[in-house]
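Asker: Take a look at this one; I'll ask things after.
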Amino acid sequence: MKFQAIKGVRDILPPESALWNRVEQTAREVFGTFGFAEIRLPIFEQSELFARSVGQETDIVSKEMYSFQDRDESSISLRPEATASVVRAYIEHGMQTLPGNVKLYYVGPMFRRERPQKGRYRQFYQIGAEVLGPSDAPGIDAEVIEMLLAFFERLKLKGAVLSINSIGDKNCRPAYVELLRAELQKVREQLGADSQRRIDTNPLRVLDSKLEHEQVIIEKLPRIADHLCAECRVHYDEVKRHLALRGIAYQENWRLVRGLDYYMRTTFEITAPGLGSQNAVCGGGRYDGLVELLGGQATTKGIGFAIGTDRLMLSLQESPAGEVGGGLDVYLAWFGAAAQPVAIKLARRLRDAGFVVELPAVEMKFGKSLGLADRLKARHAVILGNDELAAGVVAVKRLPGKNPASEDAGYKGVQGLSFGDARSNVVIPTRSAFQDRRGTLSGFALWSRGPEGFLAALGMTMVRSLAN
Ligand code: HAM
């Protein structure tokens, strides 16, 4: 029997996994500078938590949750999203006593039994952030969005478009929903089955419809912007002013209602190119009543977002920003039993200094060994055979490496360096010594420029040029 991953679920393999790590690491760094800290949440919760917060009638809860009965008969669900869990944890751990706003982020898999297609999976990943606390100041909404865009900018994601809306609060939305329902009743017969059902369960969701023939009908429906109460209107205007203060461009989209029940006031979404119909790379909004709904303090407000990491990755891979760096720095080719112990020690010194080193476990013929170095896309082959051993040098051969275009691929020089000091206590500068504050290896180019840089990094001197 041949096993395969379950439909809608997939493996993330190298080298793509390196890009995932880079993206998640960047999120940690950027969010950290905004004062957010990571919360690690369980993958499963009581089903009731999601039914209450996301909403019993939503597609997510009514059709897409992976729910099962535990051995004690309680109903458990794999989390379809994480905002509910963050709020549950906030209440459970009494975080309302912490000073200021509590700013948390999370990274991990979510589960929804949707129809799989490009950018839509049954196990997918999110990077999300939430702010919980006593304040609902519009500046918080704007700062959360600023952080999100700063993250995308750091990743060099191109073509992201921010859409915003306000969907009112418990004072003004119910009247608008009733008005919408009444208007929808008048055109019921012209709508598809899903929208007809939503007139009864959740009329706002009709605005989400992508059905072609419904578009002209929806365009004529009353718009929430014309029905916001004074407080919501002021809040929304202030959010826009605070976005402008940050130089953030946005589009207003009155149909942006989002598919989860807990939202109120600000909602937002970001679309990115290269994703086809599943082009929302991030969604979020304010959910001021949720803490109270789940048994916490009524005065606690909340806002947050979640990025679909799978989609972000697809969009990044469309652009040069998605190229993965890293790869093999040194292939350490050794020949002869006497060279092996020296090679083992040299490999360890290079690895301790942060270089990525491949050390063949068994001796290979010269051509085969260097052929493997090429196929592994090593940037340098360090060659250590009997001649080198006798002369007290190793040869360094510059290889085309992983990113030939960005490096000096024309350099074919083979030169020797003394490894005498490899046995002494010369300190090798660590790879991180070449990293700037953002962790990019800018100064590291020194080393990748050629054998001279490599020698300098090792604190070694070149003794002779072998050949060209
Ligand atoms: P959501 O809009 O349901 O919001 O999901 C956020 C993002 O997750 C989407 O924009 C999309 O990129 C990604 N996503 C959703 N479903 C899938 C799927 N089946 N496959 C791939 N990616 C998917 C939430 O989850 C809210 N908890 C966001 C939030 C946090 N609101 C406030 N705080």
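Asker: Looking at (1) closer than 19 Å to residue 127 by Cα; (2) touching a strand residue (DSSP E or B) at 6+ places or on another chain (Cβ under 7 Å); (3) buried (at least 20 other Cβ atoms within 10 Å of the Cβ); (4) hydrophobic (A, V, I, L, M, F, W, C), which is the only condition residue 280 fails?
Answerer: Among (1) closer than 19 Å to residue 127 by Cα; (2) touching a strand residue (DSSP E or B) at 6+ places or on another chain (Cβ under 7 Å); (3) buried (at least 20 other Cβ atoms within 10 Å of the Cβ); (4) hydrophobic (A, V, I, L, M, F, W, C), the lone unmet condition for residue 280 is (3).
Asker: Just checking, does the stretch 225-238 include any residue being at pLDDT 95 or above, assigned to a loop (DSSP other than H, G, I, E, B), farther than 30 Å from residue 30 by Cβ and over 35 Å from the mean Cα position of the chain (by Cα)?
Answerer: Yes - at least one qualifying residue is present in the stretch 225-238.
Asker: Moving on to the next point. Of everything in the stretch 49-70, what is assigned to a helix (DSSP H, G or I), surrounded by 15 or more Cβ atoms within 10 Å (Cβ to Cβ) and at negative phi? Give them in sequence order. Steps first, please.
Answerer: Looking only at the stretch 49-70, we keep the residues that are assigned to a helix (DSSP H, G or I), and these are 49-55, 59-64.
Then keep just the ones that are surrounded by 15 or more Cβ atoms within 10 Å (Cβ to Cβ); that gives 49-55, 59-61, 64.
Those that are assigned to a helix (DSSP H, G or I), surrounded by 15 or more Cβ atoms within 10 Å (Cβ to Cβ) and at negative phi: 49, 50, 51, 52, 53, 54, 59, 60, 61, 64.
Asker: Could you look through the stretch 105-127, keep only residues that are closer than 18 Å to residue 26 by Cβ and more than 9 Å from the ligand (Cβ to nearest atom), and pick out the one that is surrounded by the fewest Cβ atoms within 10 Å (Cβ to Cβ)? Break it down into steps so the answer makes sense when it comes.
Answerer: The first filter runs over the stretch 105-127 and keeps only residues closer than 18 Å to residue 26 by Cβ, leaving 105-108, 125-127.
Keeping just the survivors that are more than 9 Å from the ligand (Cβ to nearest atom) gives 105-108, 127.
Details: 105: 24, 106: 21, 107: 22, 108: 16, 127: 23.
Of everything passing the filter in the stretch 105-127, 108 is surrounded by the fewest Cβ atoms within 10 Å (Cβ to Cβ).
Asker: Scan the stretch 349-401 residue by residue and report those that are of a type in the set (Val, Ile, Thr) and in a loop (DSSP other than H, G, I, E, B).
Answerer: Step one: of the stretch 349-401, the residues of a type in the set (Val, Ile, Thr) are 356-357, 362, 382-383, 393-394, 396.
Correct list: 356, 362.
Asker: I need every pair where a residue in the stretch 18-29 that is closer than 10 Å to residue 312 by Cβ has its Cβ under 6 Å from the Cβ of a residue that is crowded, with 17+ Cβ neighbours inside 10 Å and of a type outside the set (A, V, I, L, M), sequence separation at least 6 or different chains.
Answerer: Going by the 6 Å Cβ cut-off, the qualifying pairs are 27/151.
Asker: Taking the condition of being within 22 Å of residue 234 (Cα to Cα) and either within 13 Å of the ligand (Cβ to nearest atom) or in contact with a Cys (Cβ under 9 Å, 6 or more places away or on another chain) (or both), how many residues in the stretch 247-288 meet it? Give the derivation first.
Answerer: From the stretch 247-288, those within 22 Å of residue 234 (Cα to Cα) are 247-258, 262-269, 284-288; that's our starting set.
From the residues that got through so far, the ones that are either within 13 Å of the ligand (Cβ to nearest atom) or in contact with a Cys (Cβ under 9 Å, 6 or more places away or on another chain) (or both) too are 256-258, 262-269, 284-288.
Going through the stretch 247-288 one residue at a time, the tally reaches 16.
Asker: Six or more apart or on different chains, Cβ atoms under 8 Å: show the pairs whose first residue is in the stretch 45-64 and without any contact (Cβ under 8 Å) to a residue 12 or more places away in the chain and whose second is buried (at least 19 other Cβ atoms within 10 Å of the Cβ) and assigned to a helix (DSSP H, G or I).
Answerer: 51/61
Asker: Could you list, in sequence order, all residues of the stretch 358-389 that are among the β-branched types (Val, Ile, Thr) and either farther than 18 Å from residue 400 by Cβ or modelled with pLDDT of 95 or more (or both)? So that I can check it myself, show each step before the final result.
Answerer: At the first step, the residues of the stretch 358-389 found to be among the β-branched types (Val, Ile, Thr) are 362, 382-383.
Within the stretch 358-389, 362 is the sole residue that qualifies.
Asker: Out of the residues in the stretch 94-150 that are part of a helix (DSSP H, G or I) and touching a Lys or Arg at 6+ places or on another chain (Cβ under 7 Å), state the one that is nearest to residue 318 (Cα to Cα).
Answerer: Going through the stretch 94-150, the residues part of a helix (DSSP H, G or I) turn out to be 95-97, 138-150.
Pick out the ones that are also touching a Lys or Arg at 6+ places or on another chain (Cβ under 7 Å) and you get 141-142, 146.
Working: 141: 30, 142: 28, 146: 24 Å.
Selected residue: 146.
Asker: Does the stretch 175-194 contain any residue that is among the basic types (Lys, Arg) and more than 15 Å from residue 257 (Cβ to Cβ)?
Answerer: Yes: one or more hits.
Asker: Determine whether residue 158 is closer than 29 Å to residue 205 by Cβ, under 18 Å from the mean Cα position of the chain (by Cα) and at pLDDT below 95. Write out each step before concluding.
Answerer: Values: closer than 29 Å to residue 205 by Cβ: no; under 18 Å from the mean Cα position of the chain (by Cα): yes; at pLDDT below 95: yes.
When the stated conditions are applied, residue 158 does not pass them.
The values are calculated or read from the model by the stated rules, or taken from the named source; none is laboratory data. Only a predicted model underlies this, so the values are computations on that prediction, with no experimental measurement involved. Cβ atoms come from the backbone with ideal geometry, glycine included; neighbour counts cover every protein chain shown.
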